[in-house]
Amino acid sequence: MINKLADIPINDVLKKYIFIFIGASSLALAVVLFLIPNHIVAGGTPGISIIINYFTGIPAGMLMFFINIPLVLMSMKYISREFAVRTIFSIVVSSSMVDILREYFQVTAWTNDPILSSIFGGIAIGIGLGFIIAGNASAGGPSIVARFIADRMHWKQNNVIIALDFIIVIAAGIAFGRIESALFSLIVVYATGQGLNAIISGRPSKKVVHIFSKNIKLLSHHIVEVLGRDGVILEEVSGEPHEKQKVLMIIVENNKIRVVQEIVKEHDNDGYMVVIEASELH
């Protein structure tokens, strides 16, 4: 999706800000329509803001702004001025939109089903983060704190982010007084990752299949015969001279995996397949 939008012939700076605006708006809608009304949190600043809002009544958007801005200022030594400006724009749009929708327009939840809210809220946040990243900015939050901690403690930044999100999820369960809030929040965190991956890499439409067989040439022949060469990439990987099995790597559409499986079964009872996503194909 982002790659197609990126091809639109407009000024590059304007394009980045459009991406950021779309992303920040998606994030804000997720918070207002799905998370706050159902006492579910996301990872990062939105999650922290929802918890504090529950206890204090301070508008969640205002909390998002006042938590994020000091973090951005703290990270100035790590990021460029342009990146910082775009990140502040992202924070201003998302936080102000949360309060405008919730406090002024009194927008209510689209659904009170916590499972649906967790899934669609998480996906909307993931999509939003994807657009913000595509605009070469950040939504703020734990990613900044994680970098600060990782640099000083010599830990991996991703591990720090996971730990911080886990703490926020546990805090939700304690704050709302029910374990279900923490469990639904975990769904949000997972769905956010899936939405982010989909918007950045695109939904994987192909699989990489490794076929281990003694009859590689025969299988190659039948795979090409059935599927054709169009869209099928074949690569034979030779093993050591003493090995009886060789490996055939092919890349096929998702809906053709079963066909390949039947070909392997038919021509080599001892052959087997290992299938992985081909999300990095370009």
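All of the numbers you see were taken from the coordinates with simple rules; none came from a lab. Values in this document were obtained by computation on a predicted structure and should not be read as measured data. Here the Cβ is made from the backbone with ideal geometry for all residues, glycine too, and neighbour counts use every protein chain on show.
Couple of notes before you dig in:
- When you restrict to C-alpha pairs under 8 Å that are six or more residues apart and normalise by the size of region 46-162, the relative contact order lands at 27 percent.
- Placing a label point 7 Å from the Cα of V92 along the Cα-to-Cβ direction, the residues of region 49-70 whose backbone N falls under 18 Å from that point are 61-70.
- Stokes-Einstein diffusion for region 19-68 at 20 °C, viscosity 1.002 mPa s, with a Kirkwood radius from C-alpha pairs, works out to 197 µm²/s.
- Calculated over region 41-103: convex hull of Cα atoms, volume per residue (Å³): 73 Å³
- The calculated FRET efficiency for the pair H221 and L14, based on their C-beta separation and a Förster distance of 45 Å, comes to about 0.25.
- Cβ crowding within 10 Å averaged over residues, with 54-60, 215-221, 86-92, 128-134 ranked highest first: 128-134, 86-92, 215-221, 54-60
- On the beta carbon distance between K214 and F66, with R0 = 45 Å, the FRET formula returns roughly 0.10.
- Intensity falloff of region 122-201 expressed as log10 I(q)/I(0), Debye formula with alpha-carbon point scatterers, at q = 0.19, 0.22, 0.23 Å⁻¹: -0.90, -1.07, -1.11
- Cα gyration tensor shape of region 88-164, rounded if a/c is under 1.5, else prolate or oblate by comparing a/b with b/c: prolate
- Summary value for region 1-101: 34 percent relative contact order, contacts being C-alpha pairs under 8 angstrom separated by 6+ residues.
- Working from label points 7 Å from Cα in the Cα-to-Cβ sense, the V274 to I100 distance is 5.1 nm.
- The lysines whose alpha-carbon is closer than 19 Å to the alpha-carbon of K246, local same-chain residues fewer than 8 away aside, are K214, K217, K265.
- Label-to-label distance for I58 and A163 is 2.6 nm, based on points extended 7 Å past Cα in the beta-carbon direction.
- Looking at region 2-201, the pairs of alpha carbons with a distance over 28 Å make up 21% of the total.
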